[in-house]
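Engineer: The following block contains the structure, expressed as structure tokens.
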């Protein structure tokens, strides 16, 4: 069987296996809301919740 004939078969098999596995559910994790212009508060809340702190920065240039 050449590659052109196997591709649809492999794709169908992958679909069947994905459906058989069922939905993948991620564990609920706490979300730190966006805190604008208050680094001390953001850092405090991130540490209290034990979540990473993301600092967004940009420049117009």
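Quick note: the coordinates plus some simple rules give every number you see, no bench work behind them. Predicted model, so just to flag it, every value in this text is computed and none were measured. In this analysis, Cβ positions are derived from the backbone assuming ideal geometry, glycine residues included, and neighbour counts consider all displayed protein chains.
Engineer: Taking 7 Å along the Cα-to-C-beta vector as the label spot, tell me the residue 16-residue 28 distance in nanometres, rounded to one decimal.
Structural biologist: Between residue 16 and residue 28, the simple spin-label model gives 3.7 nm.
Engineer: Listing 16, 51 from the residue with the fewest other Cβ atoms within 10 Å to the one with the most, what is the order?
Structural biologist: Ascending number of Cβ neighbours within 10 Å: 16, 51.
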